[in-house]
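Scroll down for the structure; my scribbles are underneath it.
No lab work stands behind these numbers, since they all come straight from the coordinates. As the structure is a computational prediction, the values presented were derived from the model and not from experiment. We place every Cβ from the backbone using ideal geometry, glycine too, and count neighbours over all the protein chains shown.
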Amino acid sequence: MTTTKSLFSAEGLDDRSLEFLASALEKNNLPGFDYFEFKRAVYNLLGMQLDEAIAYKSAFTTAATLGITKEKLIETAAYYRNLVGKEKERFDEALENQNVVKVTAKQEEIKRLRDQIERHKIEIVRLQDEMGAYLTQIDVAETSVKAEAEKLEKARTAFEFTHQAMLLQMDKDVENMHKYL
């Protein structure tokens, strides 16, 4: 049996799209003999290696016995053409919706993330500047600590030296007192 899909099949067509459109034609097939059945008859005759003109005339001769006119075939062909056009509109709408969901939303997410990265870069620079200032404060404080520690050590050493000298003098005085008195 000839499928609707095979009636419209051609080199390079997208199989999924063809399947979708063929299905829409089948679902909306008008009752009785019309363009759709005429197309099927022509297709089958061409499959028997008939000349295209003969295939069209032969299929029309059969259709004419059923009371079908050329005008009726053209009118119903326009119906199916319109139907395929409406399917394209639905597809375009669905595609746009998918674009919004899968592309536009992702692009907005990418922009949001890039903006966040830029804010973080600015924050990193600010933090690096702040850390630089702290490191400078630390250097100044360490230099000050070292200087103060040296001053305190000098004072301790001087005091201990003086303290020892005084004790030695006192010990010497006591020794002299024992010796001379």
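Computed per residue of the chain from DSSP H runs no shorter than four, each worth -39500 (n - 2.57), the mean residue ellipticity at 222 nm is -29500 deg cm²/dmol. The Rg/Rh ratio of the range 43-131, with Rg taken over Cα atoms and Rh as the Kirkwood radius over Cα pairs, comes to 1.60.
For the ranges 39-49, 143-153, what's the packing order if you count other beta-carbon atoms within 10 Å of each residue, average per peptide, and put the highest first?
On the way: 39-49: 15.2, 143-153: 10.1.
Ranking the peptides 39-49, 143-153 by packing returns 39-49, 143-153.
Do any GluC sites (Glu not before Pro) in the range 1-98 lie in a loop, going by DSSP, with at most 14 other beta-carbon atoms within 10 Å of their beta carbon, and if so which? Walk me through the numbers on the way to the answer.
On the way: sites: 11, 19, 26, 37, 52, 71, 75, 87, 89, 93, 96; in loops: 11.
For GluC sites (Glu not before Pro) across the range 1-98 that sit outside H, G, I, E and B with at most 14 neighbouring Cβ atoms in 10 Å, the list reads 11.
Rounded to the nearest whole Hz, the Karplus-based 3J(HN,Hα) values (6.51 cos²θ - 1.76 cosθ + 1.60, θ = phi - 60°) of the range 3-13 follow the sequence 8, 4, 4, 5, 4, 10, 5, 7, 4, x, 6, with x at glycine and proline.
Considering only 103, 176, 141, the residue lying farthest towards the positive end of the dipole of the chain is 103, judged by Cα position with unit charges set on Cβ.
For the chain, report the translational diffusion coefficient in µm²/s to the nearest whole number, using Stokes-Einstein at 37 °C, 0.692 mPa s, and a Kirkwood Rh over Cα pairs.
Details: Rh = 26.4 Å.
The estimated diffusion coefficient comes to 124 µm²/s.
Here the range 4-92 is treated with +1 on each Lys and Arg Cβ and -1 on each Asp and Glu Cβ, and its dipole about the Cα centre works out to around 220 debye.
More than 15 angstrom separation, counting every C-alpha pair in the range 4-92; what % is that? Provide the component values of the computation, followed by the final result.
On the way: 2434 of 3916 pairs.
Value for the range 4-92: 62 percent of Cα pairs lie more than 15 Å apart.
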